[in-house]
Structures are given as structure tokens and as C-alpha cells.
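The structure appears right after this line, and notes come after that.
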Ligand SMILES: [Cu+2]
């Protein structure tokens, strides 16, 4: 049995109720900061979701899903021969106590097969599936706010500027 088929089997066997009950315990252990999604225009099929994830005990982000997207992947972005390319990764390690940044130009949750345009100010529900140190899978619900298409890297200071 491969690791991925084992994970699939685990996912299928764990009743939703158990995930629900496990959430309050995990909520204290995983902190999601500033989740947002880059807005899209009509006809655009994909966009990125960004946030900072801190797992107190250490964990790994193994998958994600959202009702607005047919396919959701975890991506990394890097420079290859001077070209920015992104590719899916099977898991994103979250070292204990360290804030892992999902930000433009780097790691992101890729929302693909979008069912409708995402307008500024809308809230996009995203469910993150995390694997704990004990290999147990838990879901964390995130509400990501849609920011304008041209939004750059998250800068919390920006929102406090008054012009
Ligand atoms: Cu991507």
C-alpha cells in the first residue's frame, strides 16, 4: 500500500463527526493569519489563496478544498531559468511554532476550475486538511477575503495607513 492510498483510506474511514469534534483541540494548535484570495475577472479559471499558517506542535498541509473551485492544489512558485513557474506539491511542512507564509511568489493554495468570478470583498471558504505529528488528519475551515486582482504581498501595515 502506498502512502497516498493509505491517506485516502484514512480520509474515507474518519467520520465527519470525529473531525468536527477534533477541531476545537486543533484550533488552539494551528493559527491561520490573514487569509485572502486574489480576485478574478469573468472567464478566469484559476487564482491563488494566501495566508500564514502556524502549527504549534508541527504539522503538514496535505490538501485543501473549496466550494468555489473544482480543483484545489498546494503549489510552490520558483524561478527556473529566469521564468517564474509553479508546480503542485504533495505536502507543505509546517515546522512547530514557525509561521509558514503562503504569499504571492511563493507557496499558495491554488484554486482551479473556478465556478464563478471572485469579487473583491467576497468571502471564500477554504478547508485545509492537516496531518499532525501523530499522522492524524484534521480539517481546518478558513474564511478568506477576496482582495483586488492587483493585490500584492500581504502587508498588515498597509491597512492601517490613512490617506
Ligand atoms: Cu499555482
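A short reminder: the numbers here are calculations on the coordinates, not readings from a lab. What you see is a predicted model; the values in this text were computed from it and never measured. Note that we place each Cβ from the backbone using ideal geometry, even for glycine, and neighbour counts take in every protein chain shown.
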Handout entry: Label point distance in nm, residue 112-residue 80, each placed 7 Å from Cα along Cα→Cβ
Key = 1.4 nm
Practice task
Indicate the gyration tensor shape class of the stretch 28-73 (rounded, prolate or oblate), computed on the Cα atoms with a ≥ b ≥ c the square roots of the eigenvalues: a/c under 1.5 is rounded; otherwise a/b larger than b/c is prolate and the rest oblate.
Solution key: prolate
Completion exercise
extent check for the stretch 40-163: Cα max minus min per principal axis, descending, whole Å, gives 44, 36, 36
Completion exercise
Cβ density ranking, 10 Å radius, fewest first, applied to 74, 89, 32 yields 89, 32, 74
